[in-house]
Amino acid sequence: MYVAGIDIGSTSGEALILEDERIVGWSIVDTGYSSRRAAEEALDLALSHSGIERTQLQRIVATGYGRVAVDFAHQQVTEITCYARGAYFLHPQVQTVIDIGGQDSKVVAVGAGGRPLDFAMNDKCAAGTGRFLEVIARALQLSLPEMGDWALRAKQAAEISSTCTVFAESEVVTLVAEGATREEIVAGICRSIARRVAAMAARVGVEPPVMFAGGVARNCGVVRALEEALGHPLIVPEEPQIVGALGAALVARDGATT
Amino acid sequence: MNDPKDVRIRLLSWLLRSPLGLRLVQALLAGRPQKPHHHVSADFFLEMARAAYASRTRPVVWSNIFVPSELFWGLGIVPFFPETWAGLAASMGLSALGVSQAAALGYPVDLCTVHRSAAGLRVSRLFPRMDAVVATSHTCDLASQMLSNFAHAEGKPFFLLDVPQRENKEAVDYSTAQLQRLIEHWCETLGIVFDLDRLRHALHLSNKARTLALEVAMLREAQPAPLRGSGMRDQLGMLTAMFGHPSGIRYYQTLRDYTRQRITSSQPEQTLQRVRLYWMHLMPYFESELLSHLEDDLGGVVAWEEVSTIWWDELDERDPLRSLARKMVSLFFNGPIQRRAEMALRLIQRYHCQGAIHFSHWGCRQSAGALHVLRARLRQEGVPLLILDGDCIDPSNLQLGPLHTRLEAFIEMLL
């Protein structure tokens, strides 16, 4: 039995095909201007990677902020539920999952069977999200993938006092003018994100093991800063961006079998 | 001014100030299909409006919502609650004008929009005359400051009822003395004649309404829940204005009969009921998809709202001022957050709620300031709490997308 999960975020869309307990294919595409188009594209790509036809799918579940636009899905489920399910599937001991996506971040307390017990979200402010990193990368003329390594090379982190992405960008310009190195600034930015997310996580209560998912989990600078801020090591899945789509596929599997 | 809302304000202002206009509004409201108790509350507010705007026979005192209403009705005073009227204006789509006027007056945007909107609407001349102003110090300190500002701007006397945070004999003695001084102050400044029997009668009416309200509370324990939470968003207005007035009895009698009829006919207002919830603090006063999404799409039923709670004991008609002092001091919003948390737990159990939702209204520090304590206490008893940051006055400050996601996730979590 094949099922699919589709996670449409603000920046990227992911689709994942599950055959019973086995991931048979997945994809990541840019969301662009249309959530529905991104969902179609991601699903087609994941199907082609899996070598199966769409007609073979018994059930499709959509999640993410663009889930409502995925009108061909059988069900829409929030990313809170899907991240908890996906994280539990990958690592059944996980108690907390942190996701930092393109334009939001969330923390979910995970209970037995991957059930969400509590959650906190930040989707009002770009600070503490991937968007924050993008803006600063542009200001520092760095690419996103290289930012993490730059942060790890820093001997000390610059102090970023602003809590707003727009003003932080101005602050970075000032720091550059004052002679701070790019390594120090990037490390400071990673620490700024980590502090914000750790404060949000404290509202839910951080219980280890903690999984770090979402696109920003690819940034080793943020991973280290978040580990320091939380005081716990983080489990980063091999493909941190597909945890939500995996959770959606698991929900689809439940629906298909019941 | 070119703002079309301004035309609406002018029209509304004329309707409220003209006996003919009020009759027109009454006829329009009577013809509207609404629940029987809402007809009673509409009539009550129109009667208040008539006394405050059109008539000149009784003094009009502006007040915050925590001064016991029995005091006004028992002294022959017409109360005017700017907070309640800010809510009414929001329900008519007029909050944007109030908020923008307040910004022009220099009120900072991080202040509560209820008070900002009231401040803006006051200068828009939507509100009635003012003969004096009173406010309590407890629960919401912004209310007393704003009302003090209003009194100062109009050159009218202002009285602050200082209500202690602890509930004990000294606090009640102190508050009783405050009420005594307030009455003396009004006798002096407004020329009213204190009539103890009239005040006792107001307490008598209040007690009768209270008994009926308690019956409603008991009926609402029923499963499925007979009423829809969004239909109860006027409760705070009722609870803070109607007690001591004959309309309070009519309102709760009508609501009781309506609730009973819903139960006996097995016709709850909300058909899809998957999760029972306890709603804390306010709800948007304007029409919004927030509640309809929760109720109609997700099947979350608000079995009880915090602001519908009758928190005070029966009033002692033989000792009216002490009774009213006790009513003020014992308010669950007053004093340490533990009082509110313990009441929440009792009500969550009583109404068989699986979770609680706290609507954190923009700028309301008194309600949101100690949420972490509330959340921890509820969690200790295994009750999940969802905190929704929003605005019950200004629709532009209510981001529905993120709020819907939180509601959906919460319901998924509880199922």
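Values quoted throughout were computed directly from the atomic coordinates according to the rules given, and no laboratory measurement underlies them. For clarity, every value in this text was computed on a predicted model and none was experimentally measured. Glycine gets a Cβ as well: all are built from the backbone with ideal geometry, and neighbour counts include every protein chain shown.
With coordinates expressed along the principal axes, the C-alpha atoms belonging to the protein assembly as shown extend over 86, 66, 54 Å, beginning with the largest.
Between A:Q75 and B:T57, the FRET efficiency estimated from the beta carbon spacing at R0 = 60 angstrom works out to 0.45. Inverting the pair-averaged 1/r between distinct Cα atoms of region A:93-236 gives 15.0 Å as its Kirkwood hydrodynamic radius.
For chain A, the C-alpha radius of gyration sits at 1.01 times the compact-globule guess of 2.2 N^0.38 Å, with N the residue count.
In plain terms, the C-alpha convex hull of chain B casts an average shadow of 19.3 nm² when viewed from every direction. Among B:S91, B:S55, B:S41, the ranking by other beta carbons within 10 Å of each residue's beta carbon, starting with the fewest, stands as B:S55, B:S91, B:S41. With neighbour counts taken as other beta-carbon atoms within 10 Å, the residues A:R131, B:R274, A:R253 rank, fewest first, as B:R274, A:R131, A:R253. Sorting A:R67, B:R318 from the fewest to the most surrounding beta carbons within 10 angstrom yields B:R318, A:R67.
Lys-Lys pairs in the protein assembly as shown that are eight or more residues apart or on separate chains and whose Cα atoms lie under 24 Å of each other come to 4.
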